[in-house]
Amino acid sequence: MKTPTFFQDILSYNSSKFSYDIKAGINVALLSLPQSIAYAAIAEIPIYYGLISSVIASIVAPFFASSQYTILGPTNATAFMLASFFALEHLTPEQKVIFVPVIVLLSGIFCVAGSLLKTGELSQFISRSVLTGYISIAAVLIISKQIKHTLGIDNYVQDPNFFQGLYSLATGLIHTHWPTLVVSLTTLAIYLIFEKKLPKFPSFTLALIIVSLILAALKTSLPQWNLDEVACFAPFSSQDMMPNWDVWQQISWQSTIAQVIGISFGIAFLSILENNSMAKSLAMHTGENPNPNKDMLAVGMANICCAFLGPMPASGSLTRSSLNFSSGAKTRFASLYSGTFCLLGLIALTFFPLVSHIPKSALAVLIIMIALSLLNPKTIKICLRTTRGDAFVLLTTAISALFLPLHYSIFIGCGLSLIFYLQKVKTPTLKEYTIEDEQLKEMRLKDNRPDPAIAIIQLEGSLFFATADLLRTHLQKMLKDEHLKVLILRLRNARDFDASAMLAFKDLIESTQKNNKFILISGANREVHRVLKNSGVLKILQSNCDKDEAETNLFFSHPDNPNISTRDALKRAQNIIGDKEAEIQIFNPIIQETHH
């Protein structure tokens, strides 16, 4: 299904669509507000960063996204990657205020650049096992870091890495703050009741509101319980909402960019993977055909705007986007309405310091429930059991995240995924043919192999760096045959030539010429001719031709009959060896590739 553009939505908009979109926008905003606070808490940055980011991303993204239903904003995966970087660098809150805008800006620039270079489809070459492994271990790490808040032992737990954090958590249990634990258990009970009995209600939001109201009432009516010791969030003012332009003047650009470029690229890459995965999952229900390059542009533009107004990374949220679709949204205006309602909620929280009544332990419990929902045993089981490669990628991605920063682990997982992909596409198979009754036929095992003077190689598929060396190796083995004088390469179905392939052709042509042998090319199309000419290989190919005699070693494909160019190449080969009855052996090494 072709998705209407933003301006087409404007032209076809009506009151019926408005009623559906406004309802969906309200539902999404009710989920976005507490989730944005939660994700900012995961990243350990001011919670209003998450709120502003949710507002900006929801309003900016629809102008560029390909989907009608996509909702952009902070996500747990990108938030935790940001948190892991802060922990690694031991940044103070003041330093985070300086670093976060630069990280978000660079990640947005990376996404926009990737969109302009049309690299959106490249994410399909990254195994789903990478994202599954990353999200699964991120969920485990999020849970391990939030437990201290549910027990009220924040001051007793130091967690520079996963294992030290577990040890510190175990030793800190004796300091459990019981009123905080009671608040945590109450939050969990209310959340589970809503999830089970009233699944259509926003259980996350309602649990947080109810617990906050109960705690505020008990603080007033029962001061002897010392409930003021239950940690709550600090309120923020309208001044905090204003863009902090002074931050950009405090940045030492060269040193700061060098320090954050890795995490910025990691967040951009993860945002693209998250967004594409979300778009594909949603497309199964909506019937849309997502455009990964447009979606990448939407993520990039949203992050660039967030860098200056609400510095927290934004990406596609599957939960909010799915809620938007299930709530009956008809157009991308639902995202705009969601952002508007989030803005109204932000204003309300600014002038009425309600966040000062939100217990950190209650939010920590709800974050843990979100993290648990990310653990998908069925998906993990499929990845572990399908192939050894998938299992290895998933486990390596997950295990490396326990010892390394999260953006390193996702790079490792993606690198392994690409290695396994290239292992598959680089493996050629050989089929040997002979001529019988003026037809090309595959030789049977029982047939005697003729002693060839002319060999024909048919190449199919992508000829790029992963296949170039194998192509060179196969052809060099053939050229060692002392009886072989002319090698004809059929390139009609070959494509995706790169510099590695051209260098392989150059080496082969020069090697054959030194040994008084010839390489001819048949079935050449415009792409083949352009690449050969631009690389200078065509000049080398034609160097032993007599122009006065109109000799050529390159034969163009005929659209009506692809075998004409091979026939002409055979005539040229027979003229070279001076034998009209030369035996001809035909090989067909098909370069295997994965089609998407």
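The values are calculated or read from the model by the stated rules, or taken from the named source; none is laboratory data. Bear in mind the structure is a predicted one, so any value in this text is a computation, not a measurement. We place every Cβ from the backbone using ideal geometry, glycine too, and count neighbours over all the protein chains shown.
In this structure, is residue 67 polar (S, T, N, Q) and crowded, with 24+ Cβ neighbours inside 10 Å? So residue 67 fits the description; yes. Taken as a whole, the condition of being at pLDDT below 85 and surrounded by 21 or more Cβ atoms within 10 Å (Cβ to Cβ) does not apply to residue 335. Selection of region 142-187 for residues being touching a Ser or Thr at 6+ places or on another chain (Cβ under 8 Å), in contact (Cβ under 8 Å) with a residue 24 or more places away in the chain and within 30 Å of residue 214 (Cα to Cα) yields 149, 150, 151, 152, 153, 169, 180, 181, 183, 184, 187. Number of residues in region 450-471 that are among the small types (Gly, Ala, Ser), in a helix (DSSP H, G or I) and modelled with pLDDT of 70 or more equals 1.
Selection of region 195-224 for residues being surrounded by 13 or more Cβ atoms within 10 Å (Cβ to Cβ), assigned to a helix (DSSP H, G or I) and in contact (Cβ under 8 Å) with a residue 24 or more places away in the chain yields 204, 205, 207, 208, 211, 212, 214, 215, 216. Only one of the listed residues (168, 123) is in a helix (DSSP H, G or I) and either within 30 Å of residue 66 (Cα to Cα) or touching a Leu at 6+ places or on another chain (Cβ under 6 Å) (or both). That residue is 123. Among the residues here, residue 41 does not qualify as on the phi < 0 side of the Ramachandran plot, under 23 Å from the mean Cα position of the chain (by Cα) and assigned by TED's automatic domain parsing to the domain that holds residue 405. I need the full set of residues from region 376-414 which are part of a helix (DSSP H, G or I) and loosely packed, with under 14 Cβ neighbours inside 10 Å, in order please. Hits for region 376-414 are 377, 378, 381, 385, 386, 388, 402, 403.
When the test is whether a residue is in contact with a helix residue (DSSP H, G or I) (Cβ under 7 Å, 6 or more places away or on another chain), more than 18 Å from residue 50 (Cβ to Cβ) and crowded, with 21+ Cβ neighbours inside 10 Å, residue 270 does not pass it. Scan region 128-156 for residues that are surrounded by fewer than 23 Cβ atoms within 10 Å (Cβ to Cβ) and either assigned to a loop (DSSP other than H, G, I, E, B) or among the small types (Gly, Ala, Ser) (or both) and the total you get is 4. Return the residue satisfying two criteria in turn: it lies in region 225-245 and is touching a residue at least 60 places away in the same chain (Cβ under 8 Å) and polar (S, T, N, Q), and of such residues it is nearest to residue 358 (Cα to Cα). Top of the filtered list is 237. Scanning region 289-330 for residues that are surrounded by fewer than 24 Cβ atoms within 10 Å (Cβ to Cβ) and either among the basic types (Lys, Arg) or in a strand (DSSP E or B) (or both) yields a total of 2.
Taken over region 469-484, the criterion of being of a type outside the set (Asp, Glu) and either surrounded by fewer than 22 Cβ atoms within 10 Å (Cβ to Cβ) or in contact with a Gly (Cβ under 8 Å, 6 or more places away or on another chain) (or both) is satisfied by 470, 472, 473, 474, 476, 477, 478, 479, 480, 483, 484.
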